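Visitor: Dropping a structure here in structure tokens format, bear with me for questions.
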Amino acid sequence: MPKYKAKIERFFRTLKQSFFQTLPGGTSSDPRRNEAFGAQEGARLTLEELRERTFKWVLDVYHYRQHGGLGGRRPIDLWTEGLRKRGGLPLPPPEEKLLPLFGDVVPRCLSDKGIEFEGLFYNDGEDGHVRRIRNQKTAVDKHRIRVDPHDIRNLWVEDPEQRQWVKIPCLTEEDITITHPSGARVGASLYQWQQATELAKARANAEAQVGFPDLVRALRDLFDDTIAVANRPRARRAAQRLRASAKHPYAVPASANSASPAPLPEPDVPLETPSPAPDADELDALSRQYEAAFKLTPNA
């Protein structure tokens, strides 16, 4: 909302002046200062290192500073107070509610065959939601449909009367389901299906009409080619090195393979009694410790 823009811009200013400009290669709004400082030559942080240091600065420094906009209180105090009032962090909504919220919206007509999308038909039977929505008094020529671009085995149609999104399966779901080498069964993505359509058209003669079996065959061939490339020795070794790297964003800790998951650590700040705000000397000492640990000074 527009009224929050000033708060966001103020945070960006604090982030730039209190953190980014202290990093090796940090720049300012004055190009003459940047040239004299040698920012280009001093830049040596990778994107992952920048992310790590930014997170740590926000968690260890920014959240423990007193804010004038909060009446002299610290963000960590308000966070702790909010957790206490809500009884903890709320769990995210289930998948069936998240997918309709973030799917791509496309207008489609509802017919006796169901819903057509990219040459595929979706329906849930004669007594299902599609027929019921078609027969509603509030029915329109085109309804809002949501599609998950990562898995097109299902789509969601808006029910105007019930004010909710209902899941509709593809009538040929098995044909657009791919078996991964790991044994998992996954649905084809929208991009994969569109590429398969282009391949099937390219294979057909100018006079020949592309049929559904041609599309399915092209999808299988594309997937097999992808697996073949991924299984080449060079690609396989690179993937193994990436998975073994501690910096891999999706690396699974060893404890994740155990029978019982590791217990969550206790919060450093008790929910009942927020830690007292440090004075200026303590805050400066904390900042110096952080800068020394991560060598944030320009001369480091």
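Visitor: I'd like to know if the range 112-135 contains one or more residues that are surrounded by fewer than 19 Cβ atoms within 10 Å (Cβ to Cβ), in contact with a Pro (Cβ under 7 Å, 6 or more places away or on another chain) and over 15 Å from CYS170 (Cβ atoms).
Guide: No.
Visitor: In addition: Please pick out the residue among PRO24, PRO2, PRO31 that is within 28 Å of the chain's Cα centre (by Cα) and modelled with pLDDT under 85.
Guide: Going through PRO24, PRO2, PRO31 in turn, just one is within 28 Å of the chain's Cα centre (by Cα) and modelled with pLDDT under 85: PRO2.
Visitor: Does the range 175-189 contain at least one residue that is of a type in the set (D, E, K, R) and either under 27 Å from HIS129 (Cβ atoms) or assigned by TED's automatic domain parsing to the domain that holds ILE133 (or both)?
Guide: yes
Visitor: Determine which member of the set TRP156, TRP193 is farther than 25 Å from VAL210 by Cα, at pLDDT 90 or above and surrounded by 15 or more Cβ atoms within 10 Å (Cβ to Cβ).
Guide: From the options TRP156, TRP193, the qualifying one is TRP156.
Visitor: OK, next. Since LEU99 meets every condition but one in (1) modelled with pLDDT under 85; (2) not assigned by TED's automatic domain parsing to the domain that holds ASP148, which condition does it not meet?
Guide: Of everything listed in (1) modelled with pLDDT under 85; (2) not assigned by TED's automatic domain parsing to the domain that holds ASP148, LEU99 misses just condition (2).
Visitor: For the range 203-252, which positions are at pLDDT below 65, of a type in the set (Lys, Arg) and not in a helix (DSSP H, G or I)?
Guide: LYS247
Visitor: Out of the residues in the range 117-126 that are at pLDDT 85 or above and not aliphatic (A, V, I, L, M), which is nearest to PRO213 (Cα to Cα)?
Guide: Within the range 117-126, the match that is nearest to PRO213 (Cα to Cα) is GLY119.
Visitor: Only one of these conditions is not met by HIS180: (1) farther than 29 Å from ALA228 by Cα; (2) surrounded by fewer than 12 Cβ atoms within 10 Å (Cβ to Cβ). Which number is it?
Guide: Tallying (1) farther than 29 Å from ALA228 by Cα; (2) surrounded by fewer than 12 Cβ atoms within 10 Å (Cβ to Cβ), HIS180 fails exactly one: (1).
Visitor: Same structure, new question: Which ranges mark the strands (runs of 3 or more DSSP E) fully within the range 101-200 that have 2 or more residues being aromatic (Phe, Trp, Tyr)?
Guide: Once the strands (runs of 3 or more DSSP E) in the range 101-200 are filtered for at least 2 residues that are aromatic (Phe, Trp, Tyr), what remains is 120-122.
Visitor: Write out, first by first residue and then by second, each pair whose Cβ atoms fall under 7 Å of each other, whose residues are 6+ apart or on separate chains, and whose first residue, in the range 100-111, is more than 13 Å from LEU190 (Cβ to Cβ) while the second is part of a loop (DSSP other than H, G, I, E, B).
Guide: PRO107/LYS142; ARG108/LYS142; CYS109/ASP141; CYS109/LYS142
The values are calculated or read from the model by the stated rules, or taken from the named source; none is laboratory data. As the structure is a computational prediction, the values presented were derived from the model and not from experiment. Backbone-built Cβ (ideal geometry, glycine too); neighbour counts: all protein chains shown.
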